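Just so it is clear, none of the values below were taken in a lab; they were calculated from the coordinates. Nothing here was measured: the structure is a model prediction, and the numbers come from that model. Here Cβ is always computed from backbone atoms with ideal geometry, including for glycine, and neighbour counts include all displayed protein chains.
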Amino acid sequence: MGWHEHDYIQTLKFLDLIPDWGNSKIFVPGVGTSGLIDVLLEAGAELALNDISSEAIEIAKRRYIVRHPSRRTNAKLLRNIL
């Protein structure tokens, strides 16, 4: 749902109901070009991303690697998702 949110307050409210969600593995279906992945990564979550659009996945990969170089090993999740 993050692809159309102007901010992620509602999503984060739901996540805050889960104890220690920042250390969780989170599947984000229909990731699109959402900035939500940045928020989730900053919180420490490990992500598996999915989208029907290969272009959206490529955009997410580039953003992920550029913005989170210390988590580069997790980029495998993005490369292998489709």
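Taking the beta-carbon count within 10 Å as an exposure proxy, list ILE26, ILE9 from fewest neighbours to most. Please list the in-between numbers first.
On the way: ILE26 18, ILE9 8.
Listing ILE26, ILE9 from fewest to most nearby Cβ atoms yields ILE9, ILE26.
Long-range amide H contacts for ILE26: which residues qualify at under 5 Å (H placed 1.01 Å from N, peptide plane, sequence gap of 5 or more or a different chain)?
For ILE26, whose amide H was placed from the backbone, the distant partners under 5 Å are GLU46, LEU47, ALA48.
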